[in-house]
Amino acid sequence: MHPVSTMEVFLIAMTIIFCIPFLIWRLGRTDYFAPLVVVQILTGIVLGPGVLGAVLPGYYHFVFSPQVVQILTGLGGWAVMLFVLIAGIELDLSQAWANRRESGITASLALGVPLVFGGLAALGMLRFPGWIGLQGRPWQFVTGVGMACAVTALPILILLMEKLDILRRPIGQRILRYASLDDIAIWGVLALVLVDWQRIGRQVGFLVAFAAACLLLRKLMGAIGERDRWYVMLIWLALCAFGADWSGLHFMVGAFLAGVVIDAHWFDQADMDRLRHNVLLVMMPVFFLSTGLRTEWNVGGAAVFLAALALLVAAVAGKLAGVHLAGRLLKWKPGEASLIGWLLQTKALIMIIFANILLDKAIITSATFTALLLMAVMSTMLTTPMATPRLRRLERPPLG
């Protein structure tokens with residue numbers, strides 16, 4: 001009997017990654033409250049060291065050996081860079097600027113209020129050991145956790161609004177504007193949190209080189225055909241991600257910056273939609289699994305769940321309060337604030353990416369990461385069940 005090779009074990013892991021979540025989603029018909037991406041994230045948690053590794057340590061260490069984990073981490077990293085790049089490309093700042101007063105007020109309150117609520121929850125967590133990372137400073141921890149509570153996942157929001165058939169309608173476009181502005185703020189705050197004064201020269205150098213390279217990229221993209229633009233886009237992504245990581249900002253910040261400076265009209269919208277869907281189908285499940293492998297319960301399972309619940313309350317209450325305040329200031333129709341507030345609760349993916357970066361930089365511990373991951377999953381699972389009846393009431397014609 002020949003020894004099992006690393007490639008064979010890797011293929012076993014890939015079979016598990018794609019098979020188990022699909023069967024749960026399809027046979028359990030979970031789509032209403034748990035879309036496939038949420039099931040994939042939850043499966044990743046179950047397959048991680050905190051659950052499968054504790055129950056079946058021998059099996060866990062066989063399938064998820066260091067060599068296999070290294071391959072999965074590399075694939076998952078590239079997948080999520082593509083995903084973040086597409087999120088950057090899909091930002092439509094021209095519409096936000098055209099409606100800057102309404103968009104600015106709503107986006108500021110929808111982000112600022114849950115940021116404050118989440119920051120208060122983080123201050124409470126700092127009173128206990130095991131939550132802040134070895135390299136984290138209190139202000140970084142509070143800001144990072146607060147921002148994680150304020151995040152809206154723009155790509156998943158797009159998928160949910162497509163399912164609700166409101167993406168191309170006026171209210172859907174409004175929600176996209178609010179989420180787009182928040183997306184920029186999220187990455188800006190992350191860059192601030194990651195500022196490394198020992199590497200500030202590198203970071204400034206990267207930003208200067210990036211600005212110069214943007215001018216060259218835009219000229220090049222205007223001079224070549226669409227077929228060549230896809231290849232140039234991938235090369236640009238790799239270079240920006242490398243430069244950001246080399247400077248200490250993190251490769252995800254580079255991936256987002258790479259996408260922001262690319263104009264969506266350079267590509268066929270249907271082709272870009274297909275790319276996003278294909279990345280979600282083919283590659284992102286690997287990222288979810290590698291994310292699950294990072295979950296731990298080393299401060300105690302009950303404490304992690306309590307922290308996740310506190311963060312969930314801060315995130316949900318803060319987002320709803322901020323959007324309702326915006327609705328009052330802007331005199332929205334009755335019911336609009338509630339619908340928009342619940343749709344903006346969608347956190348999975350972008351918040352998980354955000355938390356991964358905080359964990360990579362040792363600003364948070366694995367226990368905090370696990371609490372944030374659970375909060376993101378629960379928040380996303382609430383979105384469709386809470387938004388659907390509110391959308392129906394909003395569309396119902398007035399009596400009389």
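Exactly one residue out of GLY118, GLY58, GLY53 is open to solvent by less than 40 Å² (accessible area, probe 1.4 Å) and over 25 Å from VAL313 (Cα atoms), and it is GLY53. Can you find a residue that is among the acidic types (Asp, Glu), touching a Lys or Arg at 6+ places or on another chain (Cβ under 8 Å) and open to solvent by 50 Å² or more (accessible area, probe 1.4 Å) anywhere in segment 83-92? Checking segment 83-92: at least one residue is among the acidic types (Asp, Glu), touching a Lys or Arg at 6+ places or on another chain (Cβ under 8 Å) and open to solvent by 50 Å² or more (accessible area, probe 1.4 Å). In this structure, does ALA362 turn out to be surrounded by fewer than 24 Cβ atoms within 10 Å (Cβ to Cβ), out of contact with any Cys (no Cβ under 9 Å at 6 or more places or on another chain) and not in a helix (DSSP H, G or I)? Taking the combined requirement at face value, the residue satisfies it. Residues of segment 15-37 that are out of contact with any Leu (no Cβ under 7 Å at 6 or more places or on another chain), aromatic (Phe, Trp, Tyr) and open to solvent by less than 80 Å² (accessible area, probe 1.4 Å): PHE18 alone. Of the residues in segment 263-284, at least one is more than 30 Å from ARG199 (Cβ to Cβ) and polar (S, T, N, Q). Scanning segment 242-255 for residues that are crowded, with 19+ Cβ neighbours inside 10 Å and either in contact with a strand residue (DSSP E or B) (Cβ under 8 Å, 6 or more places away or on another chain) or part of a helix (DSSP H, G or I) (or both) returns GLY243, ALA244, SER247, PHE251, MET252, VAL253, GLY254, ALA255.
Scan segment 178-189 and tell me whether some residue there is open to solvent by 60 Å² or more (accessible area, probe 1.4 Å), without any contact (Cβ under 8 Å) to a residue 24 or more places away in the chain and either within 19 Å of MET351 (Cα to Cα) or of a type outside the set (Asp, Glu) (or both). No - not one qualifying residue is present in segment 178-189. Within this structure, ALA258 passes the test of being more than 30 Å from GLY53 (Cα to Cα), in contact (Cβ under 8 Å) with a residue 60 or more places away in the chain and buried (at least 18 other Cβ atoms within 10 Å of the Cβ). Looking only at segment 165-177, residues that are surrounded by fewer than 16 Cβ atoms within 10 Å (Cβ to Cβ) and in a loop (DSSP other than H, G, I, E, B) come to 3 in all. I'm checking my understanding of the structure. Among residues of segment 299-352 that are crowded, with 17+ Cβ neighbours inside 10 Å and part of a loop (DSSP other than H, G, I, E, B), which one is modelled with the lowest pLDDT? Checking each candidate, the answer is VAL299. Checking GLY58, GLY88, GLY53, GLY74 one by one, the residue that is in contact with a Phe, Trp or Tyr (Cβ under 6 Å, 6 or more places away or on another chain) and free of Cβ contacts under 8 Å to residues at least 40 places away in the same chain is GLY53 and no other. Taking the conditions exactly as written (open to solvent by 50 Å² or more (accessible area, probe 1.4 Å) and assigned to a helix (DSSP H, G or I)), does GLN40 satisfy them or not? Spelling it out, it is not the case that GLN40 is open to solvent by 50 Å² or more (accessible area, probe 1.4 Å) and assigned to a helix (DSSP H, G or I). Of all residues in segment 214-241, those that are surrounded by 15 or more Cβ atoms within 10 Å (Cβ to Cβ) have Cβ atoms under 6 Å from Cβ atoms of residues that are in a helix (DSSP H, G or I) and of a type in the set (Lys, Arg), 6 or more apart or on another chain, in MET221/ARG229. With respect to GLY104, is the statement that it is in a helix (DSSP H, G or I) and either open to solvent by 10 Å² or more (accessible area, probe 1.4 Å) or in contact with a Gly (Cβ under 7 Å, 6 or more places away or on another chain) (or both) true? Against the criterion (in a helix (DSSP H, G or I) and either open to solvent by 10 Å² or more (accessible area, probe 1.4 Å) or in contact with a Gly (Cβ under 7 Å, 6 or more places away or on another chain) (or both)), GLY104 qualifies. Go through the residues of segment 14-30 one by one and say whether even a single one is modelled with pLDDT under 90, farther than 30 Å from THR388 by Cβ and part of a loop (DSSP other than H, G, I, E, B). Taking every residue of segment 14-30 in turn, none turns out to be modelled with pLDDT under 90, farther than 30 Å from THR388 by Cβ and part of a loop (DSSP other than H, G, I, E, B).
The values are calculated or read from the model by the stated rules, or taken from the named source; none is laboratory data. Here the structure is a predicted model, which means the values were calculated and not measured. We place every Cβ from the backbone using ideal geometry, glycine too, and count neighbours over all the protein chains shown. Side chains included, ligands, DNA and RNA excluded: accessible areas come from the protein's heavy atoms. Shrake-Rupley method; radii C 1.70, N 1.55, O 1.52, S 1.80 Å.
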